[in-house]
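First comes the structure, then the notes that go with it.
The values are calculated or read from the model by the stated rules, or taken from the named source; none is laboratory data. Since we're looking at a predicted model, the values are computed, not measured. Note: ideal-geometry Cβ built from the backbone for every residue, glycine included; neighbour counts use all protein chains shown. What goes into the accessible areas is simple: the full protein's heavy atoms, side chains included, and nothing from ligands, DNA or RNA. Shrake-Rupley method; radii C 1.70, N 1.55, O 1.52, S 1.80 Å.
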Amino acid sequence: MSHEVLKNICNKLSVIVLIFCIVGCGSMQDERKYVTVDGEMLGTFLHIVACTDVEPSEIYARMMVLDSVAKRSMSIFDEESLLSRINRGETDSLDAHIAYNLELARRVNQISGGAYDVTIKPLTSAYGFARENREHKVNVDSLLEFVGMEKISVEDGRLIKADERMQLDFNSIAKGYTVDLAVEELERLGVENYLVDIGGEVRCKGVNKKGVAWRVGIETPFDGNQSNGEFIQQVISLSNCSMATSGNYRRYYVNDDGRKVAHTLDPRTGESVISELLSATVVAPTCAEADAYGTMFMALGKERAIELARQMAEQGVFVYFITSGEGKTGEGGTGDGEEFDVYYSSQLESALSHSEGFSAL
């Protein structure tokens, strides 16, 4: 028996129609089982569901090794990580993880016209989003001298900076990339049907225990929503792809002037980005891509994000944007009557739990 679960989604080279046959676990219920692994990874939650005979404890142990590897490489919060030492100018040598993400970040930077940039660390620190005391008044002009992907290059595995005071921040890409590493580990174990979720960054393959595509929730983006799936705006069916959501409804503060300062920063202006775009969910081949593109769209703002999303759909990158407006109220409600408009890639139509009243791009 075959099940059509999702059209035109997640192929690195082209947009294809995915038709899934129930094989593997779906036809071997007596021989294999689905296991669940829950824990903490990268300072947030880890949730894995996989069809495998491997014990959950073994899977978790392997994830903890990856957790250590990722933190030692890319964490800006671990003072002894390679990235922290690069930022302090103690070394210019890159490992494979940083080199890979720098190359991906450069591509996203070019696509975005500079709205996405991992040299943004001087700004994230000044605004207080790097676990450092925020500055009372951020001197944007002076900090922008140290921001810009065009000011760094890689030669023979070494990072060349135009100014030694330049610093990198991989928070917009490292978590998604680590999801990809976790998936590689599962596939080395022979797992063919799985869902990996690290702090809301998701990658899945095959089918769930019921033999159908994985169902993943998109949160309702009202300010202060710290729930873990209590308020869901939309449910989307996915397989063989990744999904990540960026938004300004969790990481923000109100400054002394009463103005909301969100963690999404525009590296071109140095300013916090507050726009009608409340959250950007991206479906892409890899989770590192989905993670970076989500941040990129948030930095661009509603109109430019919608325009660019239409173009990127041709490359198999699809979006679900939630914006402020007079449209549908999020399922579950926010308790304050806030309403939202929704814009999504038309290729996701069959994957959404509902689409009536929403606008396809």
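Table for the structure above
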read-out: Wholly within the stretch 75-179, helices (runs of 4 or more DSSP H) carrying at least 1 residues that are of a type outside the set (A, V, I, L, M) and surrounded by 18 or more Cβ atoms within 10 Å (Cβ to Cβ); value: 82-87, 96-112, 121-126
read-out: Sole residue being outside any helix (DSSP H, G or I), out of contact with any helix residue (DSSP H, G or I) (no Cβ under 6 Å at 6 or more places or on another chain), farther than 21 Å from residue 84 by Cα and touching a residue at least 40 places away in the same chain (Cβ under 8 Å), chosen from 190, 217, 211; value: 190
read-out: Lone qualifier among 116, 60, 100 - being of a type in the set (Phe, Trp, Tyr) and more than 22 Å from residue 294 (Cβ to Cβ); value: 60
read-out: Qualifying positions in the stretch 318-361 - at pLDDT 70 or above and part of a loop (DSSP other than H, G, I, E, B); value: 325, 339, 345, 353, 361
read-out: In the stretch 176-211, the residues that are touching a Gly at 6+ places or on another chain (Cβ under 6 Å) and within 20 Å of residue 244 (Cα to Cα); value: 193, 201, 207
read-out: The stretch 184-207: number of residues that are modelled with pLDDT of 95 or more and open to solvent by less than 30 Å² (accessible area, probe 1.4 Å); value: 14
read-out: Selected residue (criterion: farthest from residue 340 (Cα to Cα)) from residues of the stretch 243-278 that are open to solvent by 30 Å² or more (accessible area, probe 1.4 Å), free of Cβ contacts under 8 Å to residues at least 60 places away in the same chain and hydroxyl-bearing (Ser, Thr, Tyr); value: 252
read-out: Test: residue in the stretch 283-306 that is farther than 16 Å from residue 342 by Cβ, open to solvent by less than 10 Å² (accessible area, probe 1.4 Å), part of a strand (DSSP E or B) and touching a helix residue (DSSP H, G or I) at 6+ places or on another chain (Cβ under 7 Å); value: yes
read-out: Residue within the stretch 7-20 that is at pLDDT below 50, among the small types (Gly, Ala, Ser) and farther than 14 Å from residue 182 by Cβ present; value: yes
